[in-house]
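Read the structure below first, then the notes.
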Amino acid sequence: MTPKTKTFWERTFSTVILLSILGGAVAWDEPLGYGILIALFCNLTTIEWYRMLKGRAADRPLVLVGGLVYPWLLLLITQGVICSPQLQGAGLLSAVMLGGGGLALYSILAFARQILAMDYKGKSGQLALAGAAETILAFVYPVWLLCFAFWFCFKGCHEECHFLLWIVLVTKMSDIWAYVTGVPFGGKFITARFSPAVSPKKSWEGIIGSFIITTALGVLLGHGILASADTLFLTLFSAVIFVVAVFGDLAGSLIKRGLGVKDSGSLLPGIGGIFDLIDSPSFTVSLSLFILPVLCLIC
């Protein structure tokens, strides 16, 4: 069995397992189920970041606490446990405050702890700045960005959950079809690579082939999941998701190169860790909240 064939079957196995887990959430079809999946993915990614940052200047305890606690607080708010859903806009307001305020508090703590390390432990300014940057990045990407998914999971918002599901499926299709079309055709027509410095294996043939297939399947899937969406809206949204997903995947590769690791973990054979799985959805889900109103105006 060649390495490429082995990787293909490993990825297939991992994909089947992930789809089974997602299928369980879909079968339950409750915002709470989707919310629990989001929080668990954030927690597992946080643990991976904690391990990847070993030996670096980052504040690993703060990374661990922030990534483990923050998602569950948002889940409790969106499900009306902390804030009563009977109060008009109370849950939404609380989520907004925790979303922005949580990042602000975390950033302040990250800098404060590095400053104290300079004053009382003799840490250099260069290391302290690098530590603050790594600590904040480990929270923002992907935990804080992925937590935007909770905006689709307020208690009783079934249609919004389906929209979130569609975004994630289109995002992952972009990666899957880039691999499927890139392996047999990569370099056959265009010798230059799409991103030779960050991800040398990405080919233009894979990107172009995936763009066409992902956009087409995104429209078909959207008509099946989102009853009220029209073709133009689905086409534009699928195309935008694809572009953002590509750069989300490259951003994940850039981070791993910077940290000197091949995969964020080994939980998913052929794929890597949970961070390898949700690097692009972190981009597409969060940005969808901003491009949605724009596309609604256009369409």
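The values are calculated or read from the model by the stated rules, or taken from the named source; none is laboratory data. No experiment lies behind these values; they were computed from the predicted model shown. Cβ sites come from the backbone with ideal geometry, for glycine too, and all protein chains shown count toward neighbours. The protein model used for the area step is the full one, side chains on, heavy atoms only, and it has no ligands, DNA or RNA in it. Shrake-Rupley method; radii C 1.70, N 1.55, O 1.52, S 1.80 Å.
Here's the picture: charge each Lys and Arg Cβ at +1 and each Asp and Glu Cβ at -1 in the chain, and of Leu75, His158, Val261 the one pushed furthest to the positive end of that dipole is Val261. Per residue, the accessible area of the stretch 171-299 comes to 47 Å², computed with a 1.4 Å probe over protein heavy atoms only. For the stretch 21-34, backbone phi angles converted through the Karplus equation (6.51, -1.76, 1.60; θ = phi - 60°) give residue-by-residue couplings of 5, 5, x, x, 5, 5, 5, 5, 6, 10, x, 4, x, 5 Hz, Gly and Pro being listed as x.
Each Lys and Arg Cβ is given +1 and each Asp and Glu Cβ -1; about its Cα centre, the chain then shows a dipole of about 1080 debye. Heavy-atom accessible area with a 1.4 Å probe sorts Leu297, Leu127, Leu37, Leu146, largest first, into Leu297, Leu127, Leu37, Leu146.
Per residue, the Cα convex hull of the chain amounts to 144 Å³. Within the straight-line cut-off of under 15 Å between alpha carbons, the aspartates and glutamates reachable from Lys54 are Glu134, Asp263, sequence neighbours fewer than 8 places apart in one chain being disregarded. Separation of the alpha carbons by more than 26 angstrom is noted, of Lys123/Lys262; Lys201/Lys256; Lys121/Lys256, for Lys123/Lys262; Lys121/Lys256. Per atom type, the chain shows carbon and sulfur on 72% of its accessible surface, probed at 1.4 Å.
Accessible area, 1.4 Å probe, largest first: how do Arg113, Arg193 sort?
Heavy-atom accessible area, descending, gives Arg113, Arg193.
Dividing the Cα radius of gyration of the stretch 130-252 by 2.2 N^0.38 Å, with N the residue count, gives 1.21. Our coupling estimate for the stretch 56-62, obtained by passing each phi through the Karplus curve with A = 6.51, B = -1.76, C = 1.60 and θ = phi - 60°, is 9, 7, 5, 8, 5, x, 5 Hz, Gly and Pro reported as x. Taking the Cα centroid of the stretch 27-64 and of the stretch 192-237, what is the distance between the two, rounded to the nearest whole Å? Using only Cα atoms to place each centre, the spacing works out to 27 Å.
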